[in-house]
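Here's the structure we're looking at; comments come further down.
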Amino acid sequence: MNGMPAKIHTGVPGLDKMLHGGLVPARPYILSGPPGAGKTIMSVQFLREGLEGGERCLYVALEEPPNELKLNMRPFRWNLDDMEVLDANSDVRRFEPTPILEISTEEEPARMRDLDDRIRKTPDFESREVTVHSLQQLLKNLFVKRQYQRVVIDSVTALKYFCMREFEESLTTQSFMRFLTEAKVTSLLTVELPEEGEAPPEAFLARGEIRLHKFRDDTGIRRFISVEKYKGSSHDDVVYPFDITATGAVVQSGPSKGVAASL
Amino acid sequence: MERVKTGVDGLDAMLNGGLLPARPYIVSGPTGSGKSILATQFLFDGLKRNEPCLLVTLDEPPIEVKSNMGVFGWNLDHLKILDATPDVRAHKRQRSVIDVGTALDVRDMEDVSDIRQSSQIRALEVTVHSVQKMIKQEFSGRLEKTKERYKRIVIDSMTALKMFSMQGEDSRILIQSFMRFLSELESTTLIVSEHLDRSAIETEFFLGRGEIRMLKWVDGSTVRRAISIEKFRGSRFDDHVRPLAITPAGIVVYADQQVATTNGGGMKPGESLLEMRIIDDISNVLESALHKVEEAQRRQIPVRDLEVSLSRAMLHFQRKNYQKAMKAALACNSQLEQRLGVVPPPPAASVPPPPKEVAR
C-alpha cells in the first residue's frame, strides 16, 4: 500500500470499517440499491462528512428538485448550509417548436441555505434540457473554478434515462466516469437497481461499488449493505444490516452481526 | 410540516400523518387490488375539506367511474373529471384525428350522465402531450376564474397512458417530462400504475416521491388484500405490510394488525404452491447451516469464510434467485459439516444430495 493516499471517511457509521478505513480519494464509486433503500440519504451523509472537515462539496440533483431535497434532509438536523447543489433536472418538454436551451455552461450551483422553498417553474417560452454533454461541460468549468473534494451524482440512472440517447448509453456512461476520474474528485454515483433480477451494467464501471439491499419480512423492511468491489483496497465481504435512524444511516458491522443478524 | 391526509385513517397512520404536499406519488398493485378506490377516497377527503380536486380518467369513462364509486355513498358532486378516454378509432383515413387537448372536456361529477359518443367526423386521440395540455388549460383556467389551485390530482392510470399513447416514442423522456409537469403544478398527485415487471425500472416509479403498494392474493378460497409503503422520501413510515379491506364505506387499513402469511415463513403473500415448497426447502437448509455456524462459533472453529458465502446464499434467496440460493446453501452446509466433523446425515427426501464441488 505504499504511495497510496490516506483514505477518507464516508460519514456513515460502520461503513468505513467495512471498507477497511474508508475510500481511496480522487476516484469514482458507485452506491447502488433498489428504490427506497436509502441511497440519497447515504450520499448526503458522505457530503456532510466532507463539510465537517471544511471540504468543498457538490451535489448534482438529477431526479429530485433541490427544494424537495432540502425539505427531505431537514429531519436529520445536519448542517448542510454550505453544501452546493446543482439543479440538473430537465424542464417540462415543449411539444410546440420553441427554443430548447441546453443547460447553460455558466450555470452556478446554489448553496443549500440559499435554495428556494418552491420548485423552479419551466419558463413559458423556452425549455431547459440537460444532456450528458452539457452537464459534463458545465462540471468541467466548475471544477476548474473551484476545487471540489467530494461530488455526488444522484443518480446515474436518471442521467442514463433522461440525458442521453439509448444507443449510446454504456459508452457515454463510461466516458462520464472517466471524466470524473480525471477531475480527481472523490465522487459517489447512485444507481437504481430493480427490485428483482440482475444489476444494470453501469454498476460494473466504477472502482468500487457499495450495494444496498432491501427485503421484507414479518418485522417490516430490512436493509443490508455489502461492498461488492473495491479496487486497490481490501474490504469486508460480509453482508451487514443497516438502519436509517433519526441521525442518518448506521451500519451494524460489529463482529458477530453478519449472518446471525440476517434472519 | 403539514401533511395531506389520504382519507384512509390506517394509511395516514402508516405514512406518519399523511403525504408531503405538492409532490407526485405512485399507487401500484394488480388489477382488483383497490387502487382506483383508494385514489377516489383521497379525492373525496379533499372535497370534504373544500379543496378543489381533479380526476383525470384514462381507463374508464366518467359515467362508469360515477356508478362504480356510487356504492360507497361518497358525495363526489363537486369533483372535476377530465375525460381523457380515447374515442372509438375512426378507421376511415380521410377523417381527421385530433388531439383531445383541443376538445377540453372537464365536468363536475354531478353533470356526468352518459358516455361521450365518438363523433362521426373526428376521433379524439389521447397522447401525453394532449393530456398535459388539457390539465394545464384546466389548471390555469381555474386559477384565473376562482383564484384557486387544484390541491389534489389523480391520474388513473399511467398504465393506460403508457400503453395507448406512447407508441414509438422515447417513453422515458416523455414520462420524465410529464412527472416534472405534475411536480410544477404543486398539487399533491396520486398516479395509479401497475408495475408489471419487477426486474425493470419503470420511470414513474423511479421519479415518484413515494410508492404505496397494494397487494392481493388468494388464501385458500378467500381473496386477501394488504397494503405496504415501499418508498417515501423525506418522511418516516411504517414499513410493515398491513391488512386492508374494501368495506361499504371504502377502504379500511388495519394499521395495528399484522398480515397472516399462510406459510408463516415471512415471505411475500401470493407465492404459488410450488414456489412455497422450494422456499421451504431452502429455508430448512439455511436454518441448519446457521445452527452449525453458531455451533462452530461456540467451539471456536474458524468459519468466517463460510459465514460470508452463507450471507451470499441468503441474498440470492431474498432476491428469489432460488437455484443459486439452493446451490450456495447446500455447499455451505456440507462444508460446515466437514469442519464440525459430523457425519453427514442421510439427505431428506425433498433435498437433493449436496454437490461435491463447492461453488465460490
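Quick rundown of the values:
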item	result
Orientation-averaged projected area, Cα convex hull of region A:15-262 (nm²)	14.6
Span-like helix ranges in chain A, DSSP H, alpha carbon extent 18 angstrom or more, Kyte mean at least -0.5	A:39-52, A:132-145, A:169-182
At R0 = 22 Å, FRET efficiency that the Cβ-Cβ distance of residue B:277 and residue B:256 yields, to 0.05	0.10
For the pair A and B, total buried accessible area rounded to nearest 100 Å², probe 1.4 Å	5700
Chain A, relative contact order [Cα under 8 Å, separation at least 6], %	28
For region B:1-81, radius of gyration divided by Kirkwood radius, i.e. Rg to Rh on alpha-carbons	0.95
Gain in span if fully extended, residue A:181 to residue A:55, counting 0.36 nm per residue against the direct Cα distance	43.5 nm
Chain A - mean residue ellipticity at 222 nm from DSSP helices (-39,500 (n - 2.57) per run, n ≥ 4, rounded to 500)	-7000 deg cm²/dmol
Rh by Kirkwood over Cα pairs, then Stokes-Einstein D for region A:1-53 at 0.890 mPa s and 25 °C, µm²/s	203
Test item: Cα-centred dipole of region B:9-253, Lys/Arg +1 and Asp/Glu -1 on Cβ, debye	300
Listed residues B:20, B:159, A:75: farthest to the positive end of the dipole of the protein assembly as shown (Cβ charges)	A:75
Tail beyond 33 Å, pair distance distribution of region B:9-253 (Cα, percent)	17
Potential extension, residue B:75-residue B:223 segment - 0.36 nm per residue separation minus Cα distance	50.4 nm
Nearest-10 value in Å² for the accessible area of residue A:87, using the 1.4 Å probe	20
Phi to ³J(HN,Hα) by Karplus 6.51 cos²θ - 1.76 cosθ + 1.60 over region A:215-224, Hz, x for Gly, Pro	10, 10, 9, 4, 8, x, 7, 10, 10, 10
Modelled FRET efficiency - R0 60 Å, residue B:324 with residue A:124, Cβ distances, 0.05 increments	0.65
Nonlocal amide H pairs with residue B:105, under 5 Å, H built at 1.01 Å	B:83
Simple label model, 7 Å out from Cα along Cβ direction - residue A:147 to residue A:102, nm	3.0
Descending semi-axes in whole angstrom, ellipsoid equivalent of region B:273-340, from the Cα gyration tensor	23, 11, 9
Accessible area of region A:172-251 belonging to carbon and sulfur atoms, whole % at 1.4 Å probe	50
Accessible area (Å², per residue) of region A:15-262, counting only protein heavy atoms and a probe of 1.4 Å	39
Calculated log₁₀ intensity ratio I(q)/I(0) where the Debye formula runs over C-alpha points of the protein assembly as shown, q = 0.05, 0.06, 0.12, 0.13 Å⁻¹	-0.25, -0.36, -1.31, -1.46
Residue A:42 - accessible surface, heavy atoms, 1.4 Å probe, Å² rounded to 10	10
Placed amide H near residue A:10: partners under 5 Å, 5+ positions off or other chain	A:16, A:23
Residues with amide H under 5 Å from that of residue B:231, placed H, sequence gap 5 or more	B:211
Exposed-site-free run, longest, chain A (rule: GluC sites (Glu not before Pro); DSSP loop; at most 11 other C-beta within 10 Å)	A:1-105
Centroid-to-centroid separation of region B:300-334 and region A:116-187 [C-alpha atoms, Å]	39
Taking region B:273-340 and dividing mean pair separation by its residue count, relative contact order in percent (alpha carbons under 8 Å, at least six apart)	41
Beta bridge orientation in the protein assembly as shown: antiparallel %, DSSP, nearest 5	45
Heavy atoms of residue A:235: accessible area, 1.4 Å probe, square angstrom to 10	50
FRET efficiency for residue B:137 and residue A:252, using Cβ-Cβ distance with R0 set to 51 Å, rounded to 0.05	0.45
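The values are calculated or read from the model by the stated rules, or taken from the named source; none is laboratory data. Only a predicted model underlies this, so the values are computations on that prediction, with no experimental measurement involved. In this analysis, Cβ positions are derived from the backbone assuming ideal geometry, glycine residues included, and neighbour counts consider all displayed protein chains. Surface areas here come from the heavy atoms of the whole protein model, side chains and all, with no ligands, DNA or RNA. Shrake-Rupley method; radii C 1.70, N 1.55, O 1.52, S 1.80 Å.
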